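Step one of this worksheet: look at the structure below.
The values are calculated or read from the model by the stated rules, or taken from the named source; none is laboratory data. The structure presented is a predicted model; accordingly, all values stated were derived computationally and were not measured. Because the Cβ atoms are built from the backbone with ideal geometry, glycine has one as well, and the counts that use them run over all protein chains shown.
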Amino acid sequence: MSGNTSRPIEILLVEDSPGDIRLTQEVLRDGKIYNNLNVVEDGVQALAFLHKETPYEKAPSPDLILLDLNLPKKDGQAVLAEIKTDEKLRRIPVVILTTSAAEDDIIKAYDLHANCYISKPIDLDQFIQVVKSIEQFWLTIVKLPPE
């Protein structure tokens, strides 16, 4: 998939920080790639969205998931584990985008088959650059699996 597809790239952002949500929305809205960003704020909502459970029965299937680890209700590692063991979901690339730079978190995320692990920078300009880099790499260079 590339930026010239007729349908938008569907992105699911699983993030509980309102500031990070807003910044990610702005960067992706201003980007060159036609995308549709859906946002859920905890792990339970993420899994309901992915399984098209109430109230997400009409949710699009994401082409890419941006997943925070530190989430309420169900943490990101539990969400990642469920995604990567589900026959229908496991091919969706999952980019861990989190404040944690802990070696244990990084190892566990890759053991659970995360496709990428990025520690969120605290600096605003660096955060914007990280989101732009994700967009550039995952939405223009990488060939995503078909639905």
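Look through segment 37-60, keep the residues that are touching a residue at least 24 places away in the same chain (Cβ under 8 Å) and among the hydrophobic types (A, V, I, L, M, F, W, C), and return whichever of them is nearest to Ile92 (Cα to Cα). The residue in question is Leu50.
Out of Lys120, Lys132, Lys108, Lys84, report the one residue that is in contact with a His (Cβ under 8 Å, 6 or more places away or on another chain) and charged (D, E, K, R). Break it down stepwise before answering.
Details: Lys120 fails: in contact with a His (Cβ under 8 Å, 6 or more places away or on another chain); Lys132 fails: in contact with a His (Cβ under 8 Å, 6 or more places away or on another chain); Lys108 fails: in contact with a His (Cβ under 8 Å, 6 or more places away or on another chain).
After ruling out the rest, the residue left standing is Lys84.
Exactly one residue out of Ile92, Ile33, Ile96 is among the β-branched types (Val, Ile, Thr), farther than 22 Å from Phe127 by Cβ and either in contact with a helix residue (DSSP H, G or I) (Cβ under 8 Å, 6 or more places away or on another chain) or part of a loop (DSSP other than H, G, I, E, B) (or both): that is Ile92. Taken over segment 78-93, the criterion of being surrounded by 19 or more Cβ atoms within 10 Å (Cβ to Cβ) and modelled with pLDDT of 95 or more is satisfied by Val79, Leu80, Ile83.
Quick test for you: out of Gly19, Gly31, pick the one residue that is at pLDDT below 90, of a type outside the set (S, T, N, Q) and more than 20 Å from Thr99 (Cα to Cα).
Numbers: Gly19 fails: more than 20 Å from Thr99 (Cα to Cα).
One residue alone meets the criteria, Gly31.
Note on segment 99-115: residues that are assigned to a helix (DSSP H, G or I) and under 14 Å from the mean Cα position of the chain (by Cα) total 1.
In segment 3-24, the residue that is surrounded by the most Cβ atoms within 10 Å (Cβ to Cβ) out of those that are within 12 Å of the chain's Cα centre (by Cα) and closer than 24 Å to Asp123 by Cα is Val14. Of the candidates Asp63, Asp75, Asp30, the single residue that is under 22 Å from Pro8 (Cα atoms) and in contact (Cβ under 8 Å) with a residue 12 or more places away in the chain is Asp63. Number of residues in segment 67-98 that are over 14 Å from the mean Cα position of the chain (by Cα), acidic (Asp, Glu) and more than 16 Å from Ala48 (Cβ to Cβ): the value is 1. Out of the residues in segment 116-144 meeting the condition of being assigned to a loop (DSSP other than H, G, I, E, B) and surrounded by fewer than 11 Cβ atoms within 10 Å (Cβ to Cβ), tell me which one is modelled with the highest pLDDT. Here the answer is Asp123.
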